[in-house]
1. If you go through the stretch 57-96, how many residues are assigned to a strand (DSSP E or B) and over 25 Å from residue 125 (Cα atoms)?
2. Taking the stretch 183-212 as the region of interest, how many residues are touching a residue at least 40 places away in the same chain (Cβ under 8 Å) and in a helix (DSSP H, G or I)?
3. Right, residue 74: at pLDDT 80 or above and not acidic (Asp, Glu) or not?
4. Among the numbered criteria (1) modelled with pLDDT of 85 or more; (2) farther than 26 Å from residue 49 by Cα; (3) of a type in the set (Ser, Thr, Tyr), which single criterion is violated by residue 174?
5. Any chance you could count how many residues in the stretch 17-67 are of a type in the set (Gly, Ala, Ser) and modelled with pLDDT under 80?
6. Given the structure, is residue 99 modelled with pLDDT under 90, hydroxyl-bearing (Ser, Thr, Tyr) and more than 19 Å from residue 120 (Cα to Cα)?
7. Kindly check whether there is at least one residue in the stretch 248-265 that is under 22 Å from residue 67 (Cα atoms) and either part of a loop (DSSP other than H, G, I, E, B) or touching a His at 6+ places or on another chain (Cβ under 7 Å) (or both).
8. Counting only residues that are modelled with pLDDT of 85 or more and either crowded, with 19+ Cβ neighbours inside 10 Å or out of contact with any helix residue (DSSP H, G or I) (no Cβ under 7 Å at 6 or more places or on another chain) (or both), how many does the stretch 102-129 have?
Amino acid sequence: MAVQDIVKYSFKETFSVSTVQFEKACTIDHSVQQNAYSIYWIQEGSGTYNIDFESYTFNDNVLFFLSPGQVFTVDSEQIKTAYKLTFVRDFYCVQTHDTEVACNGILFNNIYETPFVQPCEKDTKKLNVILESLIEEFQQNETAQYDMLQSYLKQFIISSVRVKKENHLIKEDTETRLFKDFSLLVEQNFKTMHSVTDYANRLGLSPKSISKHFQKLGAKTPSDFIKNRILLEAKRQLIYTDKTVKEIAFELGFNDPAYFTRFFTKTILKSPLQFKKEY
C-alpha cells in the first residue's frame, strides 16, 4: 500500500498538516528517521508501531509525538482517520518555549517513556476545534499567517501537555524535576559526556545524590540512562547511515573504536556489524 491520497497543507516548508485517507493509504510504507518534529493523531484505528526499536500497541484515539532523529516504523495498523502535524525548529522551537508550554521532555524529546497520549471525549473536541482552525488558516492567504499558525500549533501542544499530565500523573516534585533536567542534559551532551560525575557537576549535585533521586522514582541508574542513550544513537547510526563503526565510535565520543565495539556488544549481545546486518 503506497502513501497516496494524502491532503497536505503547508507553510513555507516549515509547518504542515496532513490528512490521510486510510482506505487508500497508510501512515508510512517504510522505516523513517524523523528530520522534524511530528505529531500523529490516530482518531480511529489500532496498530503496533516501532519507535526507536521499541514496540508500542494502541487502540483508537491516540496522539504520539516524535522528535528529530527518532526512528519510526509501522509494524501493523488498521486505521480509518488520522492527521499528521510536522514542524521544524525554525517554525516553533520546543526548547525556547519550554518555560511557557513545558512540552520538552514530556511530549517531545521524551524517548524513555510511552509516547502515546490518549485524550478523553472533551479533550478530543477541543483538539478538533484547534485542528479545524489550523486547516482553515492554511487555506487563507491573510497577513500574519505565520503568527496565527504558530498560535494554533502552540494551543494544540498545550492542550496535549494537559492531557498527558492528567492521564499520567506527572508530578512536579524535586525528583521529577531533577530527572527531567538530567535527561535533557544527557540529550544535549551524550556524545561528549559519558560519566555521571560530569552531569552531576553541571547540576551542582553529587553523583550519589542523583542516584538516590533516581531510586526514589524507580528509574534506571543514572549510569544506565547515559549508556542507553549512547546505544540508541549507535543503533540509529548503524541502521540509517553509511558511517563505519569507527566513524560512529568517534562521533559518540569514543577514542578507541575497539572499546566502543566491546561496549556495544556487551549490552546488545551482538557486535555493531552483526546488528547492522541482522536488523
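The values are calculated or read from the model by the stated rules, or taken from the named source; none is laboratory data. Note that the structure is predicted; figures quoted are calculated from it, not measured. Cβ placement follows ideal geometry from the backbone for every residue including glycine, while neighbour counts extend to all protein chains displayed.
1. Here the count works out to 6.
2. So the answer is 4.
3. yes
4. Every condition holds for residue 174 apart from (1).
5. The number of residues fulfilling the criteria is 2.
6. yes
7. Yes, the stretch 248-265 contains at least one residue that is under 22 Å from residue 67 (Cα atoms) and either part of a loop (DSSP other than H, G, I, E, B) or touching a His at 6+ places or on another chain (Cβ under 7 Å) (or both).
8. 11
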